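Peer 1: Below you'll find the structure I mean.
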Amino acid sequence: MEKKVRGLRHLMVTVFLSGMGNFIVIPGITDVTMFALCPATDECSLAIYLSAFQQAMIGVGTALMIPLIGNLSDEYGRKALLTLPMTLSIIPLAVLACSRTTNYYYAYYAVRTLTAMVSEGSINCLSLSYLADNISDSERASAFGILSGVSSGAFVCATLAARFLSTASTFQVATFVSTLALVYMRIFLEESRPDQVDSMIQPMLKEGEDIIQKDGNAPGKMPVFKKIPSLGDVICLLKSSPSFSQAAVAAFFASLAEGGMISSSMYYLKARFHFNKNQFADLMLIDGIASTISQLFLMPRLVSSIGDRRLLSVGLLVTCINAILYSVAWSAWVPYAATTLSIVMVFAPPSGKGQGCISAVSSLANIIAPLIFSPLTALFLSEEAPFQFPGFSIMCIAITLMIAFIQSLRMGSHVSADTDKHNSNCVQV
């Protein structure tokens, strides 16, 4: 047991260092992109379009690669597969650590697009899987909560560091910390495979509970891509389970809005209020601290009193208000005030059984979002806008969130049970 606890401690350190190395560059990447593509300006359609294309391509790659990597880790071990995304994530950081001129930026752009298809999200999923290998069912919820807290701590620490480092130093520090995370993981973290653990511990990324037959008999070994929900599985659930359909529609529009904010908000703030790395870091610090406080103290109490479905609706409504405030912001302080709403916005992501199928719907929305909202952002920030409304794309995101909010009100408390009932009919074993 002591050996197991020590191994999990090494996993937490690995997740913290890796997260910090990746998070620390987020506040400064918009400035780097603008400087490389459109120097001496605060509005650049080329930068917006390139970022949108990259986000969409990464989304496609992630949707394909994460299930594959997860299932390969069942065969070859979590540590072995963790090495791949952690190594790949260092390369684009090292490129910008050398220089941030136009040629280096294009090299970074190409390398980042390709490597992020494998590394984006994989480290988190493999870390959850490592925990699931070594923690019993009854302890998983608290263990996953601790891992989430470690990631939140890494985000806050990385953003705080980025606030006081120069742009050049930020990428150098990111490269060093990411390399340190890889070396630490290779030296200290022990290998873990599902077949090495007790029968009471189920592997996280295998087909799991959703496709185990009700008589308790597990299916035989399956090809890798049969272990994840197929398009047919999702369509079957949408047709046979009304409650799942409602949850899927809410998740789709919520994820569409989230992807739109990621692709548009920083370019909007830079063009509208001339924000730079320091202001972006300030906003992210407010968001990170407010979200952490909410997850630790507010959310557990509210879930028990009003239920997770109503909590989802509240989160979506407040997120919609946040987007409206962003879109009509009349002064630079308004985005700061709107960001404090993160203490409630953290309630918005949907959850429940059938999460694999919900994740598939959300992944599709995240791929589509930049292709819809980034062209709108570029158009309404340019001189060719049909009317004067720089925040029009953000207002469209708010409308998308309102659709998700209205749909969430129609969701009953029986979503999980209803979805679970239809899973056995839709997922072919």
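Peer 1: Could you check segment 82-104 and list, in sequence order, the residues that are of a type outside the set (Val, Ile, Thr) and in contact with a Leu (Cβ under 7 Å, 6 or more places away or on another chain)?
Peer 2: Correct list: Leu82, Met86, Tyr104.
Matching residues to (1) open to solvent by less than 40 Å² (accessible area, probe 1.4 Å); (2) modelled with pLDDT under 90; (3) more than 22 Å from Ile48 (Cβ to Cβ):
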residue: Asp233; (1), (2), (3): yes, yes, yes
residue: Ala251; (1), (2), (3): yes, yes, yes
residue: Tyr268; (1), (2), (3): yes, no, no
residue: Arg272; (1), (2), (3): no, no, no
residue: Phe280; (1), (2), (3): yes, no, no
residue: Ile293; (1), (2), (3): no, yes, yes
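Peer 1: Given the conditions (1) modelled with pLDDT under 90; (2) of a type outside the set (Val, Ile, Thr); (3) out of contact with any Asp or Glu (no Cβ under 9 Å at 6 or more places or on another chain), and given that Leu17 satisfies all but one, which numbered condition is not satisfied?
Peer 2: (1)
Peer 1: Turning to a different aspect of this structure: Sort out which residues of segment 78-121 are open to solvent by 40 Å² or more (accessible area, probe 1.4 Å) and among the charged types (D, E, K, R), and write them in order of number.
Peer 2: Arg100, Arg112, Glu120
Peer 1: Follow-up. Output yes when any residue across segment 126-144 is under 18 Å from Ile24 (Cα atoms) and either at pLDDT 90 or above or touching a Gly at 6+ places or on another chain (Cβ under 7 Å) (or both), and no when none is. Outline the logic, then answer.
Peer 2: First, the residues of segment 126-144 that are under 18 Å from Ile24 (Cα atoms): none.
Taking every residue of segment 126-144 in turn, none turns out to be under 18 Å from Ile24 (Cα atoms) and either at pLDDT 90 or above or touching a Gly at 6+ places or on another chain (Cβ under 7 Å) (or both).
Peer 1: Also, I was wondering about something else. Of the residues Ser166, Ser152, only one is open to solvent by less than 40 Å² (accessible area, probe 1.4 Å) and in the same structural domain as Val183 (by the TED database); which?
Peer 2: Result of the check over Ser166, Ser152: Ser152.
The values are calculated or read from the model by the stated rules, or taken from the named source; none is laboratory data. Small disclaimer: the values here were computed from a predicted structure and weren't measured. For neighbour counting, all protein chains shown are included, and Cβ atoms are generated from backbone atoms with ideal geometry for every residue, glycine included. Just the protein is used for accessible areas: all its heavy atoms, side chains included, with ligands, DNA and RNA removed. Shrake-Rupley method; radii C 1.70, N 1.55, O 1.52, S 1.80 Å.
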